[in-house]
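Peer 1: Got a structure for you, questions after.
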Amino acid sequence: MSASTITPSARTTREQSASLAEAVERDPGTFRMLTGDRPTGPLHLGHYFGSLENRVRLQDAGTDLLVLIADYQALTDRSASAGLPEIVIGLVADYLAVGIDPDRSIIFAHSQVEPLNQLLLPFLSLVSVAEIGRNPTVKDEVAASGSTAISGLMFTYPVHQAADILSCRATVVPVGLDQLPHLELTRTIARRFNERYCPDEPLFPVPQALLGDAPLLLGTDGQKMSKSRGNSVPIRATPDETARLIARAKTDVERVISYEPERRPEVSNLVLLAALCRGCDPRQVADEVAGGGAAVLKAAVTEAVNDRFAGIRARRAELAADTGYLRSVLAAGNERARFVASDTLRTVRELMHQHY
Ligand code: TRP
C-alpha cells in the first residue's frame, strides 16, 4: 500500500469505524458482515491475527457472516492459473480450520454466483469513468502490476466489489486502509441507487468499513506480510517449516531484545508475533528474551506459533484429506449466496422497471 491510498477521510473513517466496532460488540446479531480474500495462496498468520480471529469471534457472537473468495479479482493479479482450484479449496480448509462454521456462515466464490455478477451492469451505470479512474487503490494496483495495459476488469473491479457487498446487502465490511476507496465507491453506488430508484424505501443499506485494530504483523523480511512476497508464515505450515521461516527472519545487530516497533521494526515484529500467539503483552516476551538475543527470540517465536496453531493445523490436515467435503461446503455456500443475490437482483430489476 502506498501513501496515496490513505485518503484524507481516513481519520474520520477511523472514528466511524471505532463507533461501529462498539455497536457490533453491543449487538452483534443485528449486523451482516462480508469479508473477502483473494485466492492467491494459503492464508497466513497476518490474516489470522488481522482478520480471521475476529471474524470467528463475531460469528460466534451471532453476527451474520459471509466469506467471499474473490476469484475474479485474482485475475487482476495474474492470468488464470491451473492451480486455482487447489488454492480455492485450500482457503476453504483454512476457514474451517480456524473456526468458520459452514452451518452458520456462508463461504462462497464470487465467480460462481451469477446474480452477483449480473449486478455489475446496473452498478456500472451509476458511476462515471472519471470516478473509477481517480480510485487510488486501482492506480496503485496498476502500478504494482508493472503493466501499462489496464484490463477492463482491473479498471472496473471496485464496481465489482460493490456488487459483492451489495448483492448480500452487507452492513459491515472489515477492510484494511487500502480498501477504503472501494468501500467509498460502494457506498456511493448504494446511495445513488436508492435515490434514483427507491427514495422512499431504500433497498441498499449503506455499508460501513470496519478497520481492524489488531497491530500490523509484518513479514519475515520486515515488509508488509503478503502471500505474493514469500515473507509470510502460512497458517497451515508444519512446525519444521515454521522454524525454517522464522529462522530466516530479519533482525538487527543489537544484542538485547526489546519491543520498540518504531525504532526496531523487525525485532519488534517477532516479539509481537510471539505475544499474539501467547495472548500476552509484547513487553513480557521482550523481557523474557532480553540478553538472549535473536537466536533465543526466534526459538521463542517458533514455539509460540507452533503451540498456538497446533490444534488448528491438526484440524486443517484432517480437512485437507477430505477434498470432497471441502468442495461440498463451497458448493453449498455458493448456492446460499446465489439465493441471497437472486433476491437482490430480482428487486433491482423491478425497481429499474425491467419486468416485462
Ligand atoms: N479487494 C479485496 C482485497 O484485495 C478482496 C475483496 C473482494 C473484498 N471483494 C470483497 C473484500 C468484498 C471485502 C468485501 O483483499
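Peer 1: Among residues belonging to segment 163-180 that are over 15 Å from the mean Cα position of the chain (by Cα) and in a helix (DSSP H, G or I), point out the one that is surrounded by the fewest Cβ atoms within 10 Å (Cβ to Cβ).
Peer 2: So, considering only residues that are over 15 Å from the mean Cα position of the chain (by Cα) and in a helix (DSSP H, G or I), the one surrounded by the fewest Cβ atoms within 10 Å (Cβ to Cβ) is 166.
Peer 1: Sticking with this structure for a sec: Any idea how many residues of segment 219-246 are within 22 Å of the chain's Cα centre (by Cα) and over 24 Å from residue 260 (Cα atoms)?
Peer 2: Within segment 219-246, residues that are within 22 Å of the chain's Cα centre (by Cα) and over 24 Å from residue 260 (Cα atoms) number 8.
Peer 1: Within segment 112-149, how many residues turn out to be outside any helix (DSSP H, G or I), within 16 Å of the ligand (Cβ to nearest atom) and among the hydrophobic types (A, V, I, L, M, F, W, C)?
Peer 2: Matching residues across segment 112-149 total 2.
Peer 1: I'm checking my understanding of the structure. Among residues of segment 302-349 that are touching a Phe, Trp or Tyr at 6+ places or on another chain (Cβ under 9 Å) and over 23 Å from residue 91 (Cα atoms), which one is surrounded by the fewest Cβ atoms within 10 Å (Cβ to Cβ)?
Peer 2: If we take residues in segment 302-349 being touching a Phe, Trp or Tyr at 6+ places or on another chain (Cβ under 9 Å) and over 23 Å from residue 91 (Cα atoms), then 344 is surrounded by the fewest Cβ atoms within 10 Å (Cβ to Cβ).
Peer 1: Does segment 8-18 hold any residues that are within 14 Å of residue 173 (Cα to Cα) and surrounded by fewer than 19 Cβ atoms within 10 Å (Cβ to Cβ), and which are they?
Peer 2: 14, 16, 18
Peer 1: Which one of these is part of a helix (DSSP H, G or I), modelled with pLDDT of 95 or more and in contact with an Asp or Glu (Cβ under 9 Å, 6 or more places away or on another chain): 327, 313, 308, 338?
Peer 2: So the residue among 327, 313, 308, 338 that is part of a helix (DSSP H, G or I), modelled with pLDDT of 95 or more and in contact with an Asp or Glu (Cβ under 9 Å, 6 or more places away or on another chain) is 338.
Peer 1: Still on this structure, I have one more. Do we find a residue being at pLDDT below 95 and of a type in the set (S, T, N, Q) anywhere in segment 68-75?
Peer 2: Checked against the condition, which is being at pLDDT below 95 and of a type in the set (S, T, N, Q), segment 68-75 yields at least one hit.
Peer 1: Out of curiosity, is residue 102 more than 16 Å from the ligand (Cβ to nearest atom), modelled with pLDDT of 90 or more and touching a Ser or Thr at 6+ places or on another chain (Cβ under 7 Å)?
Peer 2: no
Peer 1: I've got another one for you. Checking the structure you have, find out if any residue of segment 279-291 is surrounded by 15 or more Cβ atoms within 10 Å (Cβ to Cβ) and in contact (Cβ under 8 Å) with a residue 40 or more places away in the chain.
Peer 2: no
Peer 1: Let me ask you something else. Which residues, taken from segment 25-48, are in a strand (DSSP E or B) and out of contact with any Pro (no Cβ under 9 Å at 6 or more places or on another chain)?
Peer 2: 36, 37
Peer 1: Please go through segment 148-161 and pick out each residue that is buried (at least 19 other Cβ atoms within 10 Å of the Cβ) and under 18 Å from residue 109 (Cβ atoms).
Peer 2: 157, 160, 161
Peer 1: Let me ask you something else. Output the number of the condition that residue 215 fails; it satisfies all remaining conditions of (1) within 16 Å of the ligand (Cβ to nearest atom); (2) over 30 Å from residue 345 (Cβ atoms); (3) surrounded by fewer than 20 Cβ atoms within 10 Å (Cβ to Cβ).
Peer 2: Every listed condition holds for residue 215 apart from (1).
Peer 1: Pick from 29, 46: which is closer than 21 Å to residue 234 by Cα and at pLDDT below 95?
Peer 2: That would be 46, the only listed residue that is closer than 21 Å to residue 234 by Cα and at pLDDT below 95.
Peer 1: Check every one of the helices (runs of 4 or more DSSP H) wholly within segment 203-296 and list those with 1 or more residues that are out of contact with any helix residue (DSSP H, G or I) (no Cβ under 6 Å at 6 or more places or on another chain) and under 16 Å from residue 50 (Cα atoms).
Peer 2: In segment 203-296, the matching helices (runs of 4 or more DSSP H) lie at 265-278.
Peer 1: Let me ask something else. Report the residue count in segment 115-153 for those that are closer than 16 Å to residue 354 by Cβ and in contact (Cβ under 8 Å) with a residue 12 or more places away in the chain.
Peer 2: Going through segment 115-153 one residue at a time, the tally reaches 8.
Peer 1: Kindly provide the set of residues from segment 249-284 that are within 26 Å of residue 235 (Cβ to Cβ) and of a type in the set (Asp, Glu), ordered by number.
Peer 2: 266, 281
Peer 1: I've got another one for you. Residue 198 versus (1) away from the ligand (no atom under 13 Å from the Cβ); (2) surrounded by 17 or more Cβ atoms within 10 Å (Cβ to Cβ); (3) of a type in the set (A, V, I, L, M, F, W, C): which is the lone unmet condition?
Peer 2: Every listed condition holds for residue 198 apart from (2).
Peer 1: Now for a separate question. With the requirement that a residue be near the ligand (Cβ under 8 Å from one of its atoms), in contact with a strand residue (DSSP E or B) (Cβ under 9 Å, 6 or more places away or on another chain) and not β-branched (Val, Ile, Thr), what does segment 161-182 give you?
Peer 2: 161, 164, 170, 174, 176, 179, 182 - these are the residues of segment 161-182 that are near the ligand (Cβ under 8 Å from one of its atoms), in contact with a strand residue (DSSP E or B) (Cβ under 9 Å, 6 or more places away or on another chain) and not β-branched (Val, Ile, Thr).
Peer 1: May I ask you to list pairs of residues, at least six apart or on different chains, whose Cβ atoms are under 8 Å apart, with the first in segment 58-75 being closer than 16 Å to residue 335 by Cα and the second being away from the ligand (no atom under 12 Å from the Cβ) and hydroxyl-bearing (Ser, Thr, Tyr)?
Peer 2: What qualifies is 65/105; 66/105; 67/95; 67/105.
The values are calculated or read from the model by the stated rules, or taken from the named source; none is laboratory data. This is a predicted model, so every value here is computed, not measured. Using ideal geometry, Cβ is built from the backbone for each residue, glycine included, and neighbour counts are taken over all protein chains shown.
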